[in-house]
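To keep things clear, I will list the structure first and then write my remarks on it.
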Amino acid sequence: MTNDRITSNAFSSSTQPETSAVEVGQGAQESLNYGLTKLVLNQERFVPISKCVFEKITKARDCLMQLVVIEEKFDFVVENLAALERAVLEAADLCKTAPVATVQFQINKSDINRHVANLVALGRMFIEQSLVHVDKLNALAGGMLFDLAGARTRQYDARLGYQLFEELRNYMLHRGSAVHSVEYHTGKDYDAEGAMTLRHKVSVYTSAAQLAEDRKFKKRVAAQLEAIGDRHDLIVMARDYVAGLWDAQLEYRSALANFVSDTEEAYLEGAYLYAEVNVEDELPKVVALAAVALAADGSIREKTPIVFDLIAQREYYEQKNGEVARMQLG
């Protein structure tokens with residue numbers, strides 16, 4: 001098998017063996033040999049590659065790390081919405097065990113507010129930090145891959161829930177709780193035979209009037225809320241907020257699909273070269289593999305581990321938080 005791979009788009013290069021001279025100390029130079037090897041005590045073998053291929057593998061690894069972190073932080077948002085909804089559902093159990101207006105209900109309200117605060121904080125963290133990671137991807141790709149900020153702006157403009165939760169960040173930081181009231185309902189349901197069962201429900205509200213009291217709260221958003229009414233279901237608004245982030249995330253994934261495929265191909269090529277199998281074959285099971293730059297004495301000067309988990313982790317998050325899961329938000 002010849003070492004003439006890694007030819008996909010921006011990651012194309014020659015894999016012919018190459019020795020590179022790098023500066024050491026006061027103008028001295030050190031020759032480095034690039035290749036693929038296992039990072040184990042007794043190296044089994046060393047497969048030479050060019051410096052260019054080494055750099056392509058390193059670049060692909062750097063891109064994959066950014067891709068994984070973006071999806072991981074989006075999962076924080078999804079899981080926090082789920083935690084908020086679970087907390088509200090579990091709060092209904094209070095109606096079964098405690099009379100209304102006892103201290104347990106006040107504590108429960110505080111607990112729900114904590115989950116709202118977590119969603120607000122982690123949503124903002126994801127928005128800000130993911131843009132940093134996308135900028136790094138754009139820099140690595142040498143051009144704009146996707147305007148994630150623009151996609152989110154479109155979602156923001158179309159969704160009152162998105163606008164509300166953006167404003168809640170400063171409101172909760174400087175003003176107070178976003179949960180202005182919690183209502184616990186107990187109703188009766190009857191089946192076809194007339195048997196009765198109790199149904200418990202919890203509603204969580206924010207008040208447009210109380211939000212508007214904060215002079216820093218965006219007046220346009222407050223006016224939209226007040227035009228509808230004073231009380232707004234925070235769970236409905238939270239789902240609308242996360243749905244907006246989710247739709248922008250799906251758009252981002254679609255735009256980067258080819259880039260991700262090329263990146264993974266460049267990164268995994270080293271495993272095929274090392275195992276001496278064709279890329280059409282099943283991915284070889286090679287552990288502790290790395291692209292390295294060796295000095296003349298055999299010491300490693302640079303290394304880029306080839307870790308399959310980077311790809312598996314991104315795929316896990318994308319599948320978990322894909323279009324099917326998004327549809328459940330309505």
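For segment 252-268, a tally of residues being farther than 19 Å from residue 321 by Cβ and among the small types (Gly, Ala, Ser) returns 2.
Applying the condition of being open to solvent by 30 Å² or more (accessible area, probe 1.4 Å) and in contact (Cβ under 8 Å) with a residue 60 or more places away in the chain to segment 74-92 and asking which residue is nearest to the chain's Cα centre (by Cα) yields 85. Once segment 209-223 is narrowed to residues that are assigned to a helix (DSSP H, G or I) and under 10 Å from residue 171 (Cβ atoms), the residue that is farthest from the chain's Cα centre (by Cα) is 210.
Could you run through segment 210-236 and say how many residues are exposed (fewer than 14 other Cβ atoms within 10 Å of the Cβ) and in contact with a His (Cβ under 9 Å, 6 or more places away or on another chain)? Qualifying residue count, segment 210-236: 1. Of all the criteria given as (1) open to solvent by less than 80 Å² (accessible area, probe 1.4 Å); (2) of a type outside the set (D, E, K, R); (3) in a loop (DSSP other than H, G, I, E, B); (4) over 22 Å from residue 247 (Cβ atoms), the one not satisfied by residue 206 is (3).
The criterion of at least 1 residues that are surrounded by 19 or more Cβ atoms within 10 Å (Cβ to Cβ) is met by the following helices (runs of 4 or more DSSP H) wholly inside segment 246-330: 257-275, 309-320.
The values are calculated or read from the model by the stated rules, or taken from the named source; none is laboratory data. Computed from a predicted model, the values in this text were never measured in an experiment. Ideal geometry is used to build each Cβ from the backbone, glycine not excepted, and the neighbour counts take in all protein chains shown. Side chains included, ligands, DNA and RNA excluded: accessible areas come from the protein's heavy atoms. Shrake-Rupley method; radii C 1.70, N 1.55, O 1.52, S 1.80 Å.
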